[in-house]
Amino acid sequence: MLKDFKAFVLRGNVVDLAIAVVIGAAFGTVVSALVKDLITPIIAIPGKSDFGQLHFTIRHSQFNYGDFFNAVISFVSIAAAVFFFVVKPVNALMARRKTQPDVESDTRDCPECVSSIPKAARRCAFCTAQVSPVA
C-alpha cells in the first residue's frame, strides 16, 4: 500500500498541481498587496485611501464592505492576469502547433426540420421530407 501511495504522489499530475497551488497562493498574495497598497489609493473614494477601513453599522453589527471591495479588485486583477498572461498565449501556441487539418463534416441539416442527416441522404430520417443529395 505504501508503494502505491508513493507512485500516486510522484505522478507528474500531482506534483504539477501542488506546484500550481503554491505558486497561485503566492501570486494571490502579491496581487492582494498590489491592490491594497497601490491600486486602492489611486481609485480611492474622496477622504478614504484604504477601502479596508470602510464599514457601516446596523444594530450594533459592523459590516466591513471595504474588505469586500479589496477582494473583488484582487479577483478581477488575478483573473485578468491569468487570462492575458496564461490563457491567451497558450491558445496562440496551440493554434500555431495545430498540425491536423480541419475535418469536413459528413452531415448536413435537413431544410425542413433542421435535424442532422448524412450528406448523401435523399430523405430525412426524422421528418421524412425529400431532400436533394449534396454532391
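Taking the convex hull of the alpha carbon atoms in the chain, what volume per residue do you get, in Å³?
Details: hull volume 51.0 nm³, N = 135.
Value for the chain: 378 Å³ per residue.
Rounded to the nearest 0.05, what FRET efficiency is calculated for residue 18 and residue 83 with R0 set to 22 Å and r the Cβ-Cβ distance? Spell out each step's value before the answer.
Working: r = 23 Å, r/R0 = 1.06.
Working from the Cβ atoms, E equals 0.40.
I'd like the carbon and sulfur percentage of the solvent accessible area for the chain, probe radius 1.4 Å, heavy atoms only, ligands and nucleic acids excluded. Write out the running numbers ahead of the final one.
Numbers: 7230 of 11150 Å².
Looking at the chain in its full context, I get 65 percent from C and S.
Taking 0.36 nm per residue of sequence separation and subtracting the Cα-Cα distance, how much length would be gained by fully extending the chain between residue 38 and residue 1, in nm to one decimal?
Working: separation 37, 0.36 × 37 = 13.32 nm, distance 5.10 nm.
Full-extension gain reported as 8.2 nm.
Under the 0.36 nm per residue contour assumption, what length would be gained going from the current alpha-carbon distance of residue 108 and residue 132 to full extension? Walk me through the numbers on the way to the answer.
Working: separation 24, 0.36 × 24 = 8.64 nm, distance 1.13 nm.
Computed gain between residue 108 and residue 132 is 7.5 nm.
I'm checking a number: the convex hull volume of the Cα atoms of the stretch 80-129, normalised per residue, in Å³. What is it? Walk me through the numbers on the way to the answer.
Working: hull volume 5.7 nm³, N = 50.
With only Cα atoms used, the stretch 80-129 gives 115 Å³ per residue.
Give the accessible surface of the chain per residue, rounded to a whole number of Å², with probe radius 1.4 Å and ligands, DNA and RNA excluded.
Per-residue value: 83 Å².
Which cross-chain or sequence-distant (5 or more) residues have an amide H under 5 Å from the amide H of residue 123, H modelled 1.01 Å from N in plane?
131
The values are calculated or read from the model by the stated rules, or taken from the named source; none is laboratory data. What you see is a predicted model; the values in this text were computed from it and never measured. Don't worry about glycine lacking a Cβ; one is built from the backbone with ideal geometry, like all the others, and counts go over all protein chains shown. Just the protein is used for accessible areas: all its heavy atoms, side chains included, with ligands, DNA and RNA removed. Shrake-Rupley method; radii C 1.70, N 1.55, O 1.52, S 1.80 Å.
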